[in-house]
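Below: one structure, written as structure tokens.
The values are calculated or read from the model by the stated rules, or taken from the named source; none is laboratory data. Here the structure is a predicted model, which means the values were calculated and not measured. Positions of Cβ are generated from backbone atoms using ideal geometry, with glycine treated the same way; all protein chains shown enter the neighbour counts. Note: accessible area is taken over every heavy atom of the protein model, side chains too, but ligands, DNA and RNA are not part of it. Shrake-Rupley method; radii C 1.70, N 1.55, O 1.52, S 1.80 Å.
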Amino acid sequence: MQQNVFIVLVMALFVSGCTTTKVYKPVDSPLIGAQFVGAPVLNSTNSGAIPAWAVTHPDADGQGVYGVGTGVALNLDTAISKAKLSARTNLADSLMIKLYGKPSKDTQKTQDESREERTRIIRDVIAQVPDNVFSMAEQQVLMRNSQFTAYSLVKLSYVDFYSYLSQQMRISSSDELKSVFQELKEKIKKMIERRS
């Protein structure tokens, strides 16, 4: 009987040890291959933990274009995945504006359809770009109300994107896609030449 009580006490200590509360610290690590250690609890006293680049989107520069994204989820991996996807979509939209300008209110319907098609293609291409092609990536994860909020920043250099498009042109079997890739390459090449 005493042995059973002892086993129950040991099990109770073991179970209570598994539920200890951790003190989380801010995590600011590279996005690619990052291992998450913990996340701070976000409240009114530490709301400054949100990275500056998540609040003020970095503008495209002579080297490339940026994308910023946010993902919220109960699961850390899901929050990070959402933030990465959101950052890539934002990067594609920023690239579209950089290459083709902002849409005007006076554009005709056919121009709008053409722009939407280009935007869709650029988003699809950016979604397929491997993580190692991005020249810069940062992330920060915070916790608020038992949910993870991940912030993701990615930068795609014009040179790396040009190389990626060249590679995709060689392996693509669609003449339509090759035509789109060629158009994008020409516009990216102009961006590269302007910085020189």
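The set of residues from region 110-145 being of a type in the set (S, T, N, Q), open to solvent by less than 70 Å² (accessible area, probe 1.4 Å) and closer than 23 Å to V72 by Cα comprises Q139, Q140. Could you tell me how many of the residues in region 183-196 are surrounded by 15 or more Cβ atoms within 10 Å (Cβ to Cβ) and out of contact with any Leu (no Cβ under 9 Å at 6 or more places or on another chain)? Adding up the residues that qualify gives 1. D93 meets all of the listed conditions (1) over 27 Å from S163 (Cα atoms); (2) at pLDDT 50 or above but one, namely (1). Within the set V180, V159, the sole residue that is modelled with pLDDT under 90 and open to solvent by 20 Å² or more (accessible area, probe 1.4 Å) turns out to be V180. Just to verify a result, which residue in region 64-100, among those that are open to solvent by 50 Å² or more (accessible area, probe 1.4 Å) and of a type in the set (A, V, I, L, M, F, W, C), is farthest from R120 (Cα to Cα)? In this case the residue turns out to be L74.
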